[in-house]
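Let me begin by presenting the structure, written as structure tokens, before commenting on it.
Derivation of every value follows stated rules applied to the coordinates shown; laboratory data play no part. Model, not experiment: these values are computed from the prediction. Reconstructed Cβ throughout: ideal geometry from the backbone, glycine too, with neighbour counts over all protein chains shown.
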Number of protein chains: 2
Amino acid sequence: MKETKDACNLNNCFLCTNSVKDWLPAISTHKKNFAVKKGESIFKEGDPVKGIYFVYTGKVKVHKRWNNDKELIIRFAKPGDILGHMGLGNNPVYPVATTALEPTTLCYIDLAFFESTLNVNHKFTYALMKFFADELQKSEQRMRNLVHMPVKERIALAMLNLKKMFGVDAAGAINMELTRQDLSSYAAVSYETWFKVTQDFIQEKMIAVTGKSITLQNEAVLQKLVDDANGGFE
Amino acid sequence: MKETKDACNLNNCFLCTNSVKDWLPAISTHKKNFAVKKGESIFKEGDPVKGIYFVYTGKVKVHKRWNNDKELIIRFAKPGDILGHMGLGNNPVYPVATTALEPTTLCYIDLAFFESTLNVNHKFTYALMKFFADELQKSEQRMRNLVHMPVKERIALAMLNLKKMFGVDAAGAINMELTRQDLSSYAAVSYETWFKVTQDFIQEKMIAVTGKSITLQNEAVLQKLVDDANGGFE
DNA sequence: CGCTTCATTGAAAAATGTCAACGTGTGTGG
DNA sequence: CCACACACGTTGACATTTTTCAATGAAGCG
């Protein structure tokens, strides 16, 4: 992770777009920008919290390790999102790890300046509170889904989520390259299981896979799988 | 749920303890107090969000339904906690249900006044933001635990959590009465499985159960189960 | 006393993960 | 350019875990 200059023009991250105008100069002085290479870690589980990151460009996975070789991808972060906010509570240690999935640029402010910002910049505090409320809602929704949904449905849901989050490219493929390991970690299933279910989906013409690109060919059926699993409750 | 007078003296809920002094009169005028009977629902999944609740006394479960007959208990709320905040994001519908587990008193403010509070009362917004950050951290931790931990460990963890959250009574039993259904929903396992594992724990003198009281007799072993499952990662 | 509800238990089924093997490519050093 | 090792995708068989189902027993209640 390398510090860079001028990567950010104060207009496309959560911090800047949610700050009052006259606080921007202060941000400009205090912020740092970083460039992160694909596959590089931004922080790891257990690292002491020193500051908070805002994603400017790129994509990042937020994950939690399990038993040395398994992991669960909690969520993805994309431009406009926040990283490292879970360390803001009482526990001064990051509870999750974050890794760039493609070249990523970040805006960073240290905890001290972050606290000043919260005190001065009420618009930001408010926006942050709302952001957390949303994240919490998503997290609890996801918790229930992961706990109760069968594997097939979880994988269908994962694919739908990815498309919703990252959109599709010109060819119609989900605009995100993930290793198969990552895909299975996101759906919270073993790699082999993920593979087999995916084969089924391909057989049934619900998705198409070429290399690392995934195209949803029949979103309606995938959605129906998920809906049926929910039994009418969302 | 019945409205009551004078149930709250402005000093023991999240709202009041985190507000600036001169905002308390306004709260006093706008707040409502409710008494909820054991087993009664405060709001249900899908209900439109009208306001936010603060637990004054009692205990509440926050749960999400699944397929008409299964549910997952997301978390518990006790005095000082907040209910209904997940509706604060963009989605104006409660994503979870809340049900009183014993006679409970609540403080309630409607959304309009809540928004005014946020605008005026920055101390409160700040505290709320911190609260959400903590909740989010717990939620993500719990998500990973529920996904990766085997049943036995999940149940051990559930018991330890309950003790940590609610403490013990004079006899040393966990200070909370839950139906066995609720217990299994909290550990995210089927009722029968919960029962069988619990029997094992009793055999091995790790817990004792009399009626609805549960006593942890060997917390260290339960904790070790959980720690081992985590493989050194917290 | 009969009925309903809940607790308890065992057996069977279903879902998922684990393991090992095989093939296919891909890069490297000779 | 070839041979080899190595990583990774792919697959099937198998083991394990967990749930589901059904039967039985116990307990409360009109």
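For helix B:191-203, report the angle its Cα long axis makes with the longest principal axis of the Cα atoms of chain B; keep it between 0 and 90° and round to the nearest 10°.
60 degrees
Given charges of +1 on the Cβ of Lys and Arg and -1 on the Cβ of Asp and Glu, with all other atoms neutral, how large is the dipole of the stretch B:100-234 about its Cα centre, in debye to the nearest 20?
Here the size comes out at about 160 debye.
Quick one: Kirkwood hydrodynamic radius for the stretch A:1-54, alpha-carbon pairs, angstrom, one decimal?
12.7 Å
Under the Karplus relation 6.51 cos²θ - 1.76 cosθ + 1.60, θ = phi - 60°, what is the ordered set of whole-Hz ³J(HN,Hα) values for the stretch A:118-124, x standing for Gly and Pro?
4, 6, 8, 10, 5, 4, 5
Give the Cα extents of the stretch A:76-164 along the principal axes, in whole Å, largest first.
Each principal axis gives a Cα extent; for the stretch A:76-164 these are 47, 29, 25 Å.
Relative contact order for the stretch B:95-189: what is it in percent, counting Cα pairs under 8 Å that are at least 6 residues apart?
23 percent
Of A:148, A:122, how do they rank once you tally other Cβ atoms within 10 Å and put the fewest first?
A:122, A:148
Within a Cβ distance under 10 Å of residue A:214, other residues only, what is the Lys/Arg minus Asp/Glu net charge? Don't skip to the answer; put the middle values down first.
On the way: positive: A:163, A:212; negative: A:177.
Overall, the nearby charge balance is +1.
Would you work out the charge dipole size for the stretch B:1-118 about its Cα centre, treating the Cβ of every Lys and Arg as +1 and the Cβ of every Asp and Glu as -1, and quote it to the nearest 20 debye? Walk me through the numbers on the way to the answer.
Values: 16 positive and 12 negative charges, 58 e Å.
Around 280 debye, computed over the stretch B:1-118.
One quarter of the convex hull surface, Cα atoms only: what value does that give for the stretch B:1-105 in nm²?
Projected area, direction-averaged: 6.8 nm².
When only C-alpha pairs under 8 Å and at least 6 residues apart count, what is the relative contact order of chain B, in percent?
Details: 377 pairs, mean separation 43.3, N = 234.
In percent, rounded to a whole number, it is 18.
When the helices in chain B are scored as -39500 (n - 2.57) per DSSP H run of 4 or longer and the sum is shared across all residues, what 222 nm value do you end up with, to the nearest 500 deg cm²/dmol?
Calculated mean residue ellipticity at 222 nm is -13000 deg cm²/dmol.
Just to compare against my own numbers: the Cα pair-distance distribution for the stretch A:149-230, 5 Å bins, whole % per bin, please.
3, 16, 29, 30, 17, 4, 0
Taking N as the number of residues in chain B, what is its Cα Rg relative to 2.2 N^0.38 Å?
1.08
What would the Debye equation give as log₁₀ I(q)/I(0) for the protein assembly as shown at q = 0.07, 0.11, 0.13 Å⁻¹, counting only Cα atoms as equal point scatterers?
Those come out to -0.39, -1.00, -1.36, one per q.
Lysines near residue B:44 by alpha-carbon distance under 16 Å, same-chain residues fewer than 8 away left out - which ones?
Straight-distance partners of residue B:44: B:61, B:64, B:70.
When the Karplus curve 6.51 cos²θ - 1.76 cosθ + 1.60 is applied with θ = phi - 60°, which whole-Hz ³J(HN,Hα) does each residue of the stretch B:164-180 get, with x for Gly and Pro?
Here the 3J(HN,Hα) series is 5, 6, 10, x, 10, 8, 4, 7, x, 7, 4, 7, 6, 9, 10, 5, 5 Hz.
Given a Förster distance of 22 Å, report the FRET efficiency between residue A:102 and residue A:210 from their Cβ-Cβ distance, rounded to the nearest 0.05. Mind dumping the intermediate values first?
On the way: r = 19 Å, r/R0 = 0.85.
After rounding, the FRET efficiency stands at 0.70.
Which net charge results for the neighbourhood of residue B:2, defined as the other residues with beta-carbon distances under 10 angstrom from its beta-carbon, given Lys and Arg at +1 and Asp and Glu at -1?
So the environment of residue B:2 carries a net charge of -1.
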